[in-house]
Amino acid sequence: MDFELSDTQRDAQQRARAFAERELAPHAARWDAEGTFPRDALTQAARLGYCGLYAESRQGGLGLGRLDATLVFEELAAACPSTAAYLTIHNMVAWVASRWADTEHASSWARRLTSGHSLASYCLSEPEAGSDAASLRTTATRDGNDYVLEGTKAFVSGSGVTEALLVIARTGASGAQGLTAFLIPASTRGIQLGPPEEKLGWRNQPTRTVHFERVRVPADLRLGQEGEGFRIAMQALDGERVNLAICSVGAAQAALDAARQHLHRRSQFNRKLAGFQSVQFKFAGMATDLVAARQMARLAASMLDSRSPQATVYCAMAKQVATDTGFRICNEALQLHGGYGYLRRYPLERYLRDTRVHQILGGTNEIMRVIVSRYLLDEVTAGGGDGL
Amino acid sequence: MDFELSDTQRDAQQRARAFAERELAPHAARWDAEGTFPRDALTQAARLGYCGLYAESRQGGLGLGRLDATLVFEELAAACPSTAAYLTIHNMVAWVASRWADTEHASSWARRLTSGHSLASYCLSEPEAGSDAASLRTTATRDGNDYVLEGTKAFVSGSGVTEALLVIARTGASGAQGLTAFLIPASTRGIQLGPPEEKLGWRNQPTRTVHFERVRVPADLRLGQEGEGFRIAMQALDGERVNLAICSVGAAQAALDAARQHLHRRSQFNRKLAGFQSVQFKFAGMATDLVAARQMARLAASMLDSRSPQATVYCAMAKQVATDTGFRICNEALQLHGGYGYLRRYPLERYLRDTRVHQILGGTNEIMRVIVSRYLLDEVTAGGGDGL
Amino acid sequence: MDFELSDAQRAFRDTAREFAAQELAPNAARWDAEGLFPREVLTRAGQLGFCGMYADERHGGLGLGRLDSALIFEELAAACTSTTAYLTIHNMATWLVTRWAQPAVAAHWGPRLTSGQTLASYCLTEPDAGSDAAALSTRATREHETYVLNGTKAFISGAGATDVLVVMARTGAEGAEGISAFLVPADTDGVSYGRNEEKLGWHSQPTRTVFLENVRIPADHLLGQEGEGFRIAMKALDGGRINIATCSIGVGRAALEAARRHLLERSQFKQKLASFQALRFKAAEMATDLVVARQMVRLAAAKLDGGSSQATVYCAMAKQIATDAGFRICNEALQLHGGYGYMREYPLERYLRDARVHQILEGTNEIMRVIISRRLLDEAFHEEVR
Amino acid sequence: MDFELSDAQRAFRDTAREFAAQELAPNAARWDAEGLFPREVLTRAGQLGFCGMYADERHGGLGLGRLDSALIFEELAAACTSTTAYLTIHNMATWLVTRWAQPAVAAHWGPRLTSGQTLASYCLTEPDAGSDAAALSTRATREHETYVLNGTKAFISGAGATDVLVVMARTGAEGAEGISAFLVPADTDGVSYGRNEEKLGWHSQPTRTVFLENVRIPADHLLGQEGEGFRIAMKALDGGRINIATCSIGVGRAALEAARRHLLERSQFKQKLASFQALRFKAAEMATDLVVARQMVRLAAAKLDGGSSQATVYCAMAKQIATDAGFRICNEALQLHGGYGYMREYPLERYLRDARVHQILEGTNEIMRVIISRRLLDEAFHEEVR
């Protein structure tokens, strides 16, 4: 057991921080205000390998571990939570593509994703199947060398500006076993986009409903085998939960840093805010919770890296704790700013808006509790506190 | 709408406070340490009418409203939470007896209870039916002019030192409709008591399991009709929830007062504890929550008084909020005392122990949420926030 | 002690509910999206008396108590929190004018304000005096029959769209005793505005910095006496805190109702959300929190109506509890909506944005704790606050 | 960075678990009820090295790190928190002696302490210097080859049943720099004890006030140098905080396991409690909180082992988070047991009573916030604590 970052890890962290401060931080407020998708910055990020951080190296990814990836995502999220969060989705898809592409056609797409030449969206949720992925209704019907997709996917991040869609669709019977994964060019005929949703945050990435009307996809863009889609989707989600957790940590760290500066700068009643004990106690609580949240994200990431059979449980724990903590810290940092925190001139209200969705996406935090309690109470081999 | 106490109410409050300070406060710690049931003090309380506060006046009760009763109970609980809590149970039974006694035999018992000549216990919960009262298994079988009771009641407060037992038993089919209420002399043959339970708190009142083995009860000690038992039990519980709520408020007020004194007396780092802003903020939060909890208890009591159809919901809300708040305030007041709070020399650890059970008794606070959510989500006529 | 609404109170509430359903609810999302200040609707509210609820009847007010007013504000806020919050500020300013202006000034402006023809802003906060109002530095200098005002006021609701400014300025020495209150017509020379601040919420009302540069007003525009301004401001704030707390109750109630509908309509895992016990418990807690908060607000309003010497501490308690509860309920209701909660198509994200500032305004909730602890720890009033 | 336990760590943990199951778990309830200090069992713990876990091997210690020790303490605390908490104090005192005593004194007392033949108490707190340790007023006056100690120490765990006292006393001026540390054999003339304090929990260890009246000890019983006592005490406290935090993890774990069993066994409304979603969510949150707290404790222990300059702040964080979580988990587990949780027949009420004091001891959790905020707000170390 060793809690220190290696020199390599520190280097990666520093490089990410420098990149984020240079390429993301100066623009984040504007992207948010104008709803600009930061394509150029993502291209810059791709040059550092950030579009395929943990994608397999045989497909052009950096092949890093998930723990290493959290170091990068945290730094990016501290500068622009929304951009970092989109990038984690792209990385998730790039990883799935790199891991399950087993045809030349699919591999060529995987390499386009890991290199950042193409960007990706993830199409899992449906209007009637949010938390309950096993009940998906979008169908993919085999027809010669193609599959024909029909259905609707909701809450698709990046849709409209991305080139590739990872789609989970039903090729077989109802339930989890009937699902299959496909990597589909966004320009394929029959793909219709809904209008961009107006959202509380994540405003620099479009979110749309995606309709599939007789969308014909060559069979060599299927990822994995028929029926393997649910397992792929769940594995992808485990990683994405850690990613969302660490993005919340990054944003919260930025909020805490902003609060610290404000407390030293602003005076009331002839005293710096930093001199009031109630403020100090609040700040101490925020800092402590932040360190704990970061540890949980890293612990879960390392469980994924070591392929622990309990990784799913730890990812769920980390996602719940870190995204709840992240939002709370952003909210408390806003409060410490008083009226200024409510204004767009300061970044706090943006952090609050951007982190809020982390408690919902990738499985709501209620679903995280479902996962943890199932392990705790239903599985034969699970212990109580001891088995954790 | 009027939030001020009337002069009569203030008088009642002051009288109760004076009684509590004289007869309860000086002995509470000793009763707790030695497990002494305060029979004499209860007899004194009876002289003021406190054994039948809201029992019907035709049976010797004071016939007060529930709101008036909360004023008395709060003051008693501030001096000795455990004694006050027992007294609320006695009052509940006395009220049931006074309300449903319809024979001379039963009425004579009702008058003994309201006058405090006899004390009462309430036998509802069973080892296998805690929250789920409708599934009670204790049976009462009609045999000529008697009923014969068989079964076991758990967690019976006062059992072994009280003279009368209010017992809910099954006379009919399964479910809530098959239950009937009886008032049974504790000396009746066949009633066997388990050993006194060792408990975290409420140590000046014995808690025992009560076994009924062929206990023969004259039919004229039945309260109400056959099949009315569940309804009686639930009405009794509504009132008892308000009582527990206000007992928590009383204990919390005492804890807050103790904390206030301590903060003015104790210095650290050359400053009174009351001078530290973090301490001030904690104290302010406690005081605010306490006022809110008291309001909820009074609101629910007034709903009972006006026979509001929503009284049950408000009683559940008040019980959950006030008992959670009461425990939290006692716990925080203990913390403000530092190491001293952990010692028996100070009353805080006793307040903590005594209030803890209020979150469990009279329906756990989880059951309170069941009640509120049922009203909110299942009843056709219920509104959301608007209907409340 | 009596917790029932009177018939008159029910009538006010019903009128307000009807107005809210017709005039506010259908437009709230649009006003938010487009940043529209609904001047006309406010004037229509004035026709019902809602622009001068607790102003006296001589000046066209309804002469209601704070408790009565809270019932009305709750209904309006459940339909559009942001607009109602502005309306409460207008009511506060209107009350100030009708209560403390000299007769001629009150006679002129009072009926205009109570009828909603004229709208008001309240100018207390300054860039360097947020929580510490007694440290404000805007100056008002007496010159013959006029006062000349110079200074900067920050976070002024309605500024730029209103006709009258109630301004706290320093006429004397440092500290609270040197402050006086003034009525400043917004079209007076020297009044200018910063840009409309972009904010997390409260989009249906502009927030601007107000610059006062040699603003010359007649001397009779002084409200109350010289040096009385801080006391007036604090009295206004007691009521303002109840008002903003009521706005939190209203929006919390709307959020709870939306959550309730969603739980009853939406299915996952082949069951209505309303059948999942964990979500049921959450809804129960939200409802309970709402009732607790509402009781506290009504208690505080009654204390203010009754002239209790402890009204300030009750108002502070109500403000803290209700604005915290309001935000929490909105946030939890958003969560119960899942992804839909995050979208503008549903009102939850707006509720969250609008409710958030209530924990900051009219004294942050930290300042509420300062007030409460000062009374209960430092002073001898402990026994009375129960 | 590596979150896995090594084989050696697993072995220590398993040994501790076995010992705990055999020697502590079967007796914990009785020790609590009867107020027994289990001296013999502590000596048997010493035979496994558990009385000198991080004392050096030269003096008979195991020479483990704090992280390794935390693994052992967690196992023991899950079986009997109160006894384990005392054992952690003994370990702290033992480490102090073996690390700072002069060679002859260390050679004499070290092996006795690490083996558990001799037990120790740690005497820092005074009646008027609780959180403010630097203000302590016990004096130690040098007289030739002796020191003479006078003063009163409060809340001393084990006092009256232990053989050695590690005492902080003032040899110089006011403030932290004037404090020195001493080893005082408990049988020295002038050492006397107050009555065994009645406490909410921790009944298996006596707590007494220690009176020092002209207690004369050889001058070589000074630990470290004169004036070094406060620094030594603070170093000891860093470790002590991890220890007490670990005790909270242990008892929290035991409470969670009990709750888990209860949920799986008990039925209401014809269903297992484990099938009610609201209770399932509660259990999930308890488990998550436990894992969070354990990670924080291990992180802090690793920082201490690695000699991090920020170890103190991590230890403070771990202490606050873990002792708060431990109490909360015990309290929630009690609630999940309903009425049974309140009865001594079940261990929950004991867990609650034992865990409660961890939020107070070794610096209250309020003092933890003082430490954390001082470092992160006042000093320049912010960037390193992540």
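Can you compute the charge dipole magnitude of the range C:4-130 about its Cα centre, using +1 on each Lys and Arg Cβ and -1 on each Asp and Glu Cβ, nothing else charged? Give it in debye, rounded to the nearest 20. Walk me through the intermediate numbers first.
Numbers: 10 positive and 15 negative charges, 64 e Å.
Using only the charged Cβ atoms, the result is roughly 300 debye.
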Go through A:Lys272/C:Lys235; A:Lys153/C:Lys282; B:Lys319/C:Lys319; B:Lys319/C:Lys282 and tell me which ones have a Cα-Cα distance over 19 Å in this structure. A:Lys272/C:Lys235; A:Lys153/C:Lys282; B:Lys319/C:Lys319
1/(1 + (r/R0)^6) with r = Cβ-Cβ of B:Ala33 and D:Arg261, R0 = 35 Å, i.e. FRET efficiency to nearest 0.05, evaluates to 0.60
Label-to-label distances across copies for C:Glu345, with labels 7 Å out along Cα→Cβ, in nm, shortest first? 5.5
Chain C, rotation onto D, residue closest to that axis via Cβ, with its distance in Å: C:Gln277, 2
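In square nanometres, what is the average projected area of the Cα convex hull of the protein assembly as shown?
Numbers: hull surface 227.5 nm².
Mean projected area of the Cα convex hull: 56.9 nm².
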What is the spin-label model distance, in nm, from A:Glu4 to B:Arg374 if the labels are put 7 Å beyond Cα along the C-beta direction? 6.0 nm
Hey, can you list the DSSP H helices of chain C whose Cα span along the axis is 15 Å or longer and whose average Kyte-Doolittle score is at least -0.5? C:66-79, C:81-100, C:103-115, C:229-265, C:277-305, C:311-336
Cβ neighbours within 10 Å from other chains - mean over B:138-145: 0
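Per-residue mean of other chain beta-carbon atoms within 10 angstrom of the beta-carbon, peptide D:340-347?
Other-chain Cβ atoms within 10 Å of each residue's Cβ, averaged: 5.
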Would you mind computing, in nm to one decimal, how far apart the modelled labels at A:Asp132 and B:Glu104 are, each placed 7 Å from Cα along Cα→Cβ? 6.5 nm
For the modelled label position 7 Å from the Cα of D:Asn214 along Cα-to-Cβ, which residues of the range D:146-178 have backbone nitrogen atoms closer than 15 Å? D:147-151
Given R₀ = 45 Å, FRET efficiency for D:Arg386-D:Ala8 by Cβ-Cβ distance, to 0.05? 0.95
Label distances, nm, D:Arg139 versus same residue in remaining copies, Cβ-directed 7 Å point: 5.9
Partner lysines whose C-alpha sits under 21 Å from that of D:Lys199, ignoring same-chain residues fewer than 8 away, are B:Lys199, D:Lys153
Can you sort C:Thr288, D:Thr83 so the residue with the fewest Cβ neighbours within 10 Å comes first? C:Thr288, D:Thr83
Other protein chain Cβ atoms within 10 Å, averaged over every residue that makes up D:364-376: 6
Quick one: if you stick a label point 7 Å off each Cα along the C-beta vector at C:Glu57 and D:Arg58, how many nm between them? 9.4 nm
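Which whole DSSP H helices in chain B pass both tests: a Cα extent of 30 Å or more along the axis and a mean Kyte-Doolittle value no lower than -1.0?
In chain B, the long hydrophobic H runs are B:229-265, B:277-305, B:311-336.
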By Cβ neighbour count within 10 Å, fewest first, B:Val313, D:Val251 rank B:Val313, D:Val251
Additional length obtainable on full extension of the chain from C:Arg231 to C:Arg139, 0.36 nm per residue less Cα span: 31.4 nm
Assume the label is 7 Å from Cα along Cα to beta carbon: what separations in nm does A:Gly172 have to the matching positions in the other copies? 5.4
So if we plug the beta-carbon distance of A:Arg307 and A:Gln44 into 1/(1 + (r/R0)^6) with R0 = 51 Å, what FRET efficiency do we get, rounded to 0.05? 0.95
When you count, for each residue, the other Cβ atoms within 10 Å and take the mean per peptide, how do D:154-162, C:136-144 rank with the highest first? D:154-162, C:136-144
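The numbers here are math on the coordinates, done by the rules we state, and not lab data. Quick caveat, the model's predicted, so the values are computed rather than measured. For neighbour counting, all protein chains shown are included, and Cβ atoms are generated from backbone atoms with ideal geometry for every residue, glycine included.
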